[in-house]
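Reading through the structure tokens given below for one structure.
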Amino acid sequence: SEGTTHRRLPSRHRFVADLSQCLFDFVIQLLPTQDEMQVKEDVRKLLERLIRTIEPDSRLLSFGSTANGFSLRNSDMDLCCLIDSDERLSATDLVVMLGDLLERETKFHVKPLPHARIPIVKLSLDPSPGLPLGIACDIGFENRLALENTRLLMCYAMIDPTRVRTMVLFLKVWSKRRKINSPYKGTLSSYGYVLLVIYFLVHVKNPPVLPNLQQMPPLRPITKEDTHLAGYNTWFFDDIELLRTRWHSENNESVAELLIDFFRYYARDFSYNTGVASIRAGLLKKSSKGWQNDLSASRYHDSRERNRLCIEDPFELDFNVGRCVTKDGIYTIRGEFMRASRILSNRPERAVVALTELCT
Ligand code: GTP
Ligand code: MG
């Protein structure tokens, strides 16, 4: 009958518009509350005050999701302690001393890891009426590269807050619910997923949704001293206000269209076997970085295992952010991209049904 025909012509247009709206609604209710952000800022200040009793010239800065605009309700806090003096304690000593101090002076559960590859102090607070989900927090030292990559991601988020943040936040929730967001278990960190989104928006979409901030012409001459940290070039175009007046994306796709395309790209088109996703330089070859996972590499213990999924860090170019992803991990992740792509292309009657199915 005419009615059914009409219903069987679910205009793609309608579905996509509904899906965009659902994505916004879904993401908004997962954002941290003002209260939560305030509590976290208070915790940072308290910890900074305590650390200064050991190292007077230190600052405690937020990085990761609390600082880059990609934070979900109850996400952990990543803190980095910078010490502006030449004579300072080693990170290992600091971790031990700070661990003792926090144990004595605060209600946090404290776990110092002075001998980890990157020494950190892990803290947590149990849930309480004012803080129903508690707090988890890591304090590291002198991790200036992490502060810079946080700033880079924040700038990308600011260029197109609606589309970039909605996509990233949705993918973070989705990857957590689907249990593929756990480097310790062979899948990918949140940081890795964010890089996959930015890579897609800068280098895969045509016209691009985002410019390449690391390849834009600088406003004034830059020197190596200004831009290098620990031997890595950390320069990027960070005057976002100015950028808005100079750069404008020709891409007008909605969040839903971009998300559908994102899943399809990583389900089908990305060259997992030979490719490296680099937000700095586009698609690179594993062979050009010495990251191939061919058989000749298998003598080197688990180097094959390490380079299943290759995502170049924006600054530490010799560092594969996907190094923890195992053979099983990549199989599972890719399977999830395929599943998501299938659910969205089946176009159920209602977008909200598709979203719920995606995340459960
Ligand atoms: P949630 O904690 O899930 O909310 O996500 P997040 O955005 O905080 O990401 P994640 O905890 O994965 O990483 C936090 C920060 O640590 C990132 O923003 C980076 O600055 C840094 N980081 C995490 N993993 C890596 C890595 O493999 N390499 C480098 N260079 N930095 C990393
Ligand atoms: Mg984090």
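The values are calculated or read from the model by the stated rules, or taken from the named source; none is laboratory data. For clarity, every value in this text was computed on a predicted model and none was experimentally measured. Here the Cβ is made from the backbone with ideal geometry for all residues, glycine too, and neighbour counts use every protein chain on show. Note: areas computed on protein heavy atoms with side chains; ligands, DNA, RNA excluded. Shrake-Rupley method; radii C 1.70, N 1.55, O 1.52, S 1.80 Å.
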Inset, instruction - For segment 54-62, take each phi angle, set θ = phi - 60°, evaluate the Karplus expression 6.51 cos²θ - 1.76 cosθ + 1.60, and give the result in whole Hz per residue in order, putting x for glycine and proline. - result: 9, 10, x, 8, 10, 10, 10, 10, 7
Legend entry - Added length on full extension, which subtracts the Cα-Cα distance from 0.36 nm per residue, L113 to K185: 23.9 nm
Inset, instruction - Give the cross-link partners of K286 among the lysines, using a straight C-alpha distance below 29 Å as the criterion and excluding same-chain residues fewer than 8 apart. - result: K172, K176, K179, K185, K205, K224, K327
Legend entry - Residue of E87, E105, E336 that the Gaussian network model of the chain assigns the largest fluctuation, springs spanning Cα pairs under 10 Å: E87
Legend entry - Reciprocal mean inverse distance between Cα atoms of segment 61-168 - Kirkwood radius, Å: 15.3
Inset, instruction - In nm, give the distance between the simple-model label positions of R246 and L31, each being 7 Å from the Cα along the Cα-to-Cβ direction. - result: 2.9
Legend entry - Cα-based convex hull, segment 16-80, per residue volume (Å³, whole number): 75
Inset, instruction - Starting from the Cα of S124, step 7 Å along the direction of its Cβ; do the same at D226; then give the gap between the two resulting points in nm. - result: 4.5
Legend entry - Length-normalised contact order of the chain in % [C-alpha pairs under 8 Å, at least 6 apart]: 16
Inset, instruction - State, to one decimal in nm, how far the label point of H13 lies from the label point of D269, with both points 7 Å from Cα in the Cβ direction. - result: 2.4
Legend entry - Most to least accessible of T53, T33, T187 (protein chains only, probe 1.4 Å): T53, T33, T187
Inset, instruction - Only helical DSSP H runs with n ≥ 4 go in: add -39500 (n - 2.57) per run for the chain, normalise by residue count and round the 222 nm mean residue ellipticity to 500 deg cm²/dmol. - result: -13500 deg cm²/dmol
Inset, instruction - Scan segment 125-187 for trypsin sites (Lys or Arg not before Pro) in coil per DSSP, keeping those whose Cβ has at most 12 other Cβ atoms within 10 Å, and list them by number. - result: K179
Inset, instruction - Take the chain, connect every pair of alpha-carbon atoms lying under 10 Å apart with a spring to form a Gaussian network, then pick out the residue of T150, T106, T332 with the largest mean-square fluctuation. - result: T106
Inset, instruction - Please work out how much length the chain gains when fully extended from E316 to S345, using 0.36 nm per residue of separation minus the C-alpha to C-alpha distance, in nm with one decimal. - result: 6.7 nm
Inset, instruction - With springs only between Cα atoms under 10 Å apart, run a GNM on the chain and tell me which of L258, L229, L89 wobbles the most. - result: L89
Legend entry - Accessible area of W247 in the full protein assembly, 1.4 Å probe (Å², nearest 10): 70
Inset, instruction - Binning at 20 Å from 0, report for the chain what percent of all alpha-carbon pair distances ends up in each bin. - result: 26, 56, 17, 1, 0
